[in-house]
Structures are given as structure tokens and as C-alpha cells.
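Notes to accompany the following structure.
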Amino acid sequence: MIEKFYEKYAWVIFLIIGVMVMAGGLPHALGFNTDPTLVQTISGQTIDELKISNPMFFNLYNFYFSGGGLSDLGFAFFLIVISLTAYRRAQKWAWYAFWFVPAYFLAWIALSSTLPPASQSSLLPPLIIIIVLSLAGLLLPFRKFFPKKEIK
């Protein structure tokens with residue numbers, strides 16, 4: 001059976017998602033806020049105003065923000081490693097495990113729904129893109145993971 005292009009290279013989609021998550025997580029892990037408008041929309045203060053007005057709260061915020069960046073790096077690492085190895089070789093456990101990706105980012109959408117509408121506009125587009133990409137990465141190679149049984 002000749003493998004179709006989209007079946008053979010669907011693993012690249014998860015590699016790209018992993019690189020995107022890593023690129024977004026690295027600045028956060030280093031303490032750089034790449035969306036200061038989000039903080040201002042939620043708190044009513046700029047990051048600098050928050051740091052001056054309540055340094056203890058800012059330290060707590062920065063701790064969780066940087067920790068979230070470290071978590072993103074770990075998540076990205078596993079996405080990249082699994083996509084380059086098990087998913088590329090069509091190991092079924094990797095296909096099942098990667099259903100976590102759209103579920104995880106759907107949970108982020110649910111979490112962001114509690115934020116003010118102005119904050120959601122910067123979060124939703126990248127989350128939706130990742131969800132669509134991950135679903136494509138799961139559904140395009142479906143027959144590679146679950147071939148039709150031949151009738152004898």
C-alpha cells in the first residue's frame with residue numbers, strides 16, 4: 001500500500017505545534033510577558049504599576065507566570081519528541097496520547113472564557129489555530145494508524 005503524503009507527514013503538524021508552544025513558552029519561562037495588555041485588561045494596571053503598588057502580589061504573579069512558561073517548555077518537549085519518534089512510526093499509543101492536545105487547548109478556551117472579553121481577543125485566535133491543527137494532525141493519518149482490514 002502506498003502511503004499518502006498527508007498520512008506520511010502528519011507528524012510534522014505536531015512538531016510545528018511543539019515548536020510554536022516552545023517559542024511561546026520560552027519568554028514566559030524567562031519572565032518576559034509577551035502580552036502586557038492582557039495583564040492590564042485583567043488587573044486594571046500595567047505590569048510596572050502592579051509591581052510598584054503590590055510587590056508581593058507581583059512576585060506571586062511572576063512566579064506562576066514563569067512556572068507556566070516552564071510547563072509550556074515541558075509540554076512542547078514531549079510534543080516534539082513523540083512526534084519525531086512514536087507518532088512518525090504510527091504507534092497507536094501516540095495517536096491516542098495526542099488527543100490530549102486539542103483537549104488541553106479547549107480547556108484553555110474554557111478557562112479564558114472567565115476573563116473580560118477584551119482579554120479573550122488576544123488568546124482565542126492562537127488557541128483555535130492549535131486546536132484545528134492538532135485535529136488535522138490526528139484525523140489526516142487515521143488510516144495509517146487504523147488500516148482497513150483486508151477481506152480474504
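Some points to look at:
- Among the candidates Val39, Val21, residue that is open to solvent by less than 30 Å² (accessible area, probe 1.4 Å), within 22 Å of Ser121 (Cα to Cα) and at pLDDT below 95: Val39
- Residues of the range 1-18 satisfying the condition of being open to solvent by 80 Å² or more (accessible area, probe 1.4 Å) and β-branched (Val, Ile, Thr): Ile2, Ile16
- Hits in the range 97-108 - residues which are farther than 18 Å from Ile80 by Cα and either out of contact with any helix residue (DSSP H, G or I) (no Cβ under 7 Å at 6 or more places or on another chain) or modelled with pLDDT of 95 or more (or both): Leu106, Ala107
- Taking the criterion of being surrounded by 13 or more Cβ atoms within 10 Å (Cβ to Cβ), over 27 Å from the mean Cα position of the chain (by Cα) and of a type in the set (S, T, N, Q), the only residue of the range 46-65 that qualifies is Asn54.
- Only one of the listed residues (Gly68, Gly31) is under 20 Å from the mean Cα position of the chain (by Cα), part of a helix (DSSP H, G or I), loosely packed, with under 14 Cβ neighbours inside 10 Å and in contact (Cβ under 8 Å) with a residue 24 or more places away in the chain. That residue is Gly68.
- A count restricted to the range 95-126 and to residues that are among the aliphatic types (A, V, I, L, M), surrounded by 13 or more Cβ atoms within 10 Å (Cβ to Cβ) and within 18 Å of Val39 (Cβ to Cβ) stands at 3.
The values are calculated or read from the model by the stated rules, or taken from the named source; none is laboratory data. In this text, all values refer to a predicted model and were calculated from it rather than measured experimentally. FYI the Cβ positions are ideal-geometry reconstructions off the backbone, even for glycines, and counts take in every protein chain you see. Each accessible area value is taken on the protein alone, full model and side chains, heavy atoms only, with ligands, DNA and RNA left out. Shrake-Rupley method; radii C 1.70, N 1.55, O 1.52, S 1.80 Å.
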